[in-house]
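**Q** Starting off with a structure, shown below.
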Amino acid sequence: MPYRYLRLPASIFLAGFFALANFLCPQFLVAQPAVSLLPVAGGLTRPVDIVNAGDNSERIFVVEQGGNIKVFDKTFSYLGIFLAVPTSFNNGERGLLSLAFHPGYAGNGLFFVYYTNTNGDVEVARYHTNPATPNTADPASKQVVITIPHPSNSNHNGGKLNFGADGFLYFATGDGGGAGDVPNNAQNGTVLLGKMIRINVTTADTPPFYTIPADNPFLAAGDNIRDEIWAFGLRNPFRWSFDRMTHDMWIGDVGQDAWEEINFRPAGTTGGINYGWHCMEGTHAYNGGCTITGTYAGPLLDYPHDPVTGGEAVIGGFVYRGQAYPALYGYYIFADEVSANVWLVPPGGAAADTIEFKGLQSGITAFGESEHAELYSTTLNGNIYRVVATASALPVTLSAFGGKSIAGKNELGWTVAAEENVDRYDIEYAPDPVHFQLAGSVKAMKAGSYHFTHQPAAAAKLYYRLKIIDADNAVSYSKVISISGGTEVSSFVYPSPVANGSLTLRLPGVFSDVVLFSADGKAVFSSSLKNRSGTVTIGLPALAPGIYLVVLNNSSGRITQTVVIR
């Protein structure tokens, strides 16, 4: 329920604000990690994928869109061209797009590539590597696993292969290109465009080179939908991944004119999901005449086409499971290729706490993991970067961070138990939990308490965070709080301070119950109001003198008032 914050007498506000901040937002006192990209290699030509073989060699394989796969050792020393794949590369979206090694690669030497063939169709092929030449695959071993006809449009080819924990091969296809999916490919079950595909690849030397898993969702659906389909309703899921620990699926689906989206499906979720395109673009209706059959699965989050706060081409990433940066563990990292923005989604997929880093690196085309789960990215400028956490802890100890809407202004306060080398606090705000901008700065004073007043343009819910900058310009963030703006409500507890052992409420409406919270956030008293209105007097138990929060609840939300009990 939304909170409506009240205007308080100055004496009560100043005395009680910081004591109550722990109650208002105790969950927001853990730092979010800041990330940067450290160059580790260069000189490549349009790299679009980066993977490991899972064979204990610790090698890194980089896919170039023009058709070459290059191999590096764990220090990024170049070992040579692993394989050259003939494609219909056109400096646009066609070409060699992905590589995946069979889970049994160390023993069988099989790997798979995803590309657009010389006719422009999407194709998945299998190759083999001889043990005697581990850094050079055998081009003559090629076997085409599946070919998917693609319209004459050269865009929206999808392009990422991943093996699931079930041993099956998954890959995501684009809707066939053009604008708006006019042929309705993504919603059409008879074509494999705009889909997530799941097949069981074989190791046989003769066809067929794949079969259909027995639990694929449409295996018994008849001729109206292909057996290979695991999910549908995707536009151009260029980059997606599995969490190597939980096996959750994360899909970055590139949008049309206005919205980019990240889709999330927890491990164990059955197939048959419809992600909504072209009826929906993110959480927004795209085609007014389009209808979705069955249930539409909305994205975990979406962001707008905006050169500063959003972008135009989402690049799905990975959940960090490495050991080098403990503060980053469990965070999902993704980027936008156009705006150079990078985002972190915290463990558990809590989209409301997503943190954005503006202008971090342009031209990101992919993220990938080393064998030890360290993350790397590729960029169109030919570089490989390592994802590093630049701050693992707050340079301060925040004991409280909270805020209230008072007289049309948002009053924020935070208390600091310890500061170390802090230069200033930048207060950032946003209309959503992702796209933050600067509201102002407060110089660090080695003081215990800080206060900042923000005058928003309108009375609306806003999100706030502290960007904590130390003397060396390193950055850390608090987590995010929200303040719901709105019409002021006069005090409803009389008298205040409360001194006679009873609580008199002048109810500004019908309320179901009243709850008292102590300054440390514990509910110490509650009473049913039985949807009464008007003036109500309630006897209180023996309570220690101090500051309390009185909360009135009804079906529309809640209102609060800080009081002093003597």
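The values are calculated or read from the model by the stated rules, or taken from the named source; none is laboratory data. On a predicted model such as this, the values are computed, not experimentally measured, just so you know. Counting neighbours? That spans all protein chains shown, and the Cβs are built from the backbone with ideal geometry, glycine included. SASA here: full protein model, heavy atoms, side chains in, ligands and nucleic acids out. Shrake-Rupley method; radii C 1.70, N 1.55, O 1.52, S 1.80 Å.
**Q** Can you figure out the FRET efficiency of THR211 with ALA460, using R₀ = 51 Å and their beta-carbon distance, to the nearest 0.05?
**A** After rounding, the FRET efficiency stands at 0.40.
**Q** For SER362 and SER152, FRET efficiency with R0 = 35 Å and r from the beta-carbon atoms, rounded to 0.05?
**A** E(calc), rounded to 0.05, equals 0.70.
**Q** Between (1) 1.22; (2) 1.14; (3) 1.51, which matches Cα Rg over 2.2 N^0.38 Å calculated for the structure shown?
**A** Recomputing Cα Rg over 2.2 N^0.38 Å here gives the entry labelled (2).
**Q** Could you run the Karplus curve 6.51 cos²θ - 1.76 cosθ + 1.60 with θ = phi - 60° over segment 167-183 and give me ³J(HN,Hα) per residue in whole Hz, x for Gly and Pro?
**A** x, 8, 8, 10, 8, 10, 9, x, 7, x, x, x, 10, x, 6, 4, x
**Q** Around ALA444, which amide H atoms from residues at least 5 apart in sequence, or from another chain, sit under 5 Å from its own amide H, with H modelled in the peptide plane?
**A** ARG424, TYR425
**Q** Quick one: of LYS404/LYS461; LYS409/LYS461; LYS160/LYS195; LYS409/LYS479, which pairs are farther than 18 Å apart, Cα to Cα?
**A** In this structure, LYS409/LYS479 exceed 18 Å between Cα atoms.
**Q** Here is a further query. Hey, what do the phi angles of segment 151-159 turn into as Karplus ³J(HN,Hα) couplings, whole Hz, using 6.51/-1.76/1.60 and θ = phi - 60°, x for Gly and Pro?
**A** Going residue by residue, I get x, 5, 4, 8, 9, 6, 9, x, x Hz, with x marking Gly and Pro.
**Q** By how many nm would the segment from ASN90 to THR133 lengthen if fully extended, with 0.36 nm per residue of separation less the alpha-carbon distance?
**A** That pair, ASN90 and THR133, stretches by 12.4 nm at full extension.
**Q** Based solely on its DSSP helices, what 222 nm [θ] is calculated for the chain when runs of n ≥ 4 H residues each add -39,500 (n - 2.57) and the sum is averaged over all residues, nearest 500 deg cm²/dmol?
**A** That calculation yields -1000 deg cm²/dmol at 222 nm.
**Q** Calculate what fraction, in whole %, of the accessible area of segment 303-422 sits on carbon and sulfur atoms when a 1.4 Å probe is rolled over the protein chains.
**A** Taking all protein chains in place, segment 303-422 shows 50 percent carbon and sulfur surface.
**Q** Long-range amide H contacts for ILE315: which residues qualify at under 5 Å (H placed 1.01 Å from N, peptide plane, sequence gap of 5 or more or a different chain)?
**A** Here ALA335, ASP336, GLU337 satisfy the definition.
**Q** If you bin every alpha carbon distance in segment 320-406 into 5 Å steps from zero, what whole percent lands in each bin?
**A** 3, 12, 19, 22, 20, 11, 6, 4, 2, 1, 0
**Q** Per residue, what accessible area does the chain have, given a 1.4 Å probe and all protein chains present, in Å²?
**A** Roughly 39 Å² per residue, with all protein chains present.
**Q** Another question, then. Please compute the modelled spin-label separation between ALA285 and ILE81, points set 7 Å along Cα→Cβ, answer in nm with one decimal.
**A** That separation, rounded to one decimal, is 5.3 nm.
**Q** Right, next: Using the C-alpha atoms of segment 103-161, what convex hull volume per residue, in cubic angstrom, is computed?
**A** Per-residue hull volume (Cα only) is 93 Å³.
**Q** How far apart, in nanometres, would the label points at VAL475 and GLN323 be if each is projected 7 angstrom from Cα along the Cα-to-Cβ direction?
**A** 3.1
**Q** Let me ask another. Can you give me the Cα centroid spacing of segment 182-203 and segment 90-104 in angstrom?
**A** 17
**Q** Per residue of segment 534-547, in order, report the coupling 6.51 cos²θ - 1.76 cosθ + 1.60 (Karplus, θ = phi - 60°) as ³J(HN,Hα) in whole Hz, putting x for Gly and Pro.
**A** Taking θ as phi minus 60°, the curve returns x, 9, 10, 10, 10, x, 9, x, 5, 10, 5, x, x, 9 Hz for segment 534-547.
**Q** Rounding to the nearest 20 debye, state how big the charge dipole of the chain is about its Cα centre with +1 on each Lys and Arg Cβ and -1 on each Asp and Glu Cβ.
**A** 1960
**Q** Which angle from 0 to 90°, rounded to the nearest 10, does the C-alpha axis of helix 10-24 make with the longest principal axis of the chain?
**A** Tilt of helix 10-24: around 40 degrees.
**Q** Now for a separate question. Under a 5 Å amide H to amide H cut-off, with H placed in plane at 1.01 Å, what residues pair with GLY194 once short-range neighbours are removed?
**A** Those lying under 5 Å, H to H, from GLY194 are THR173, GLY174, ASP175, GLY176.
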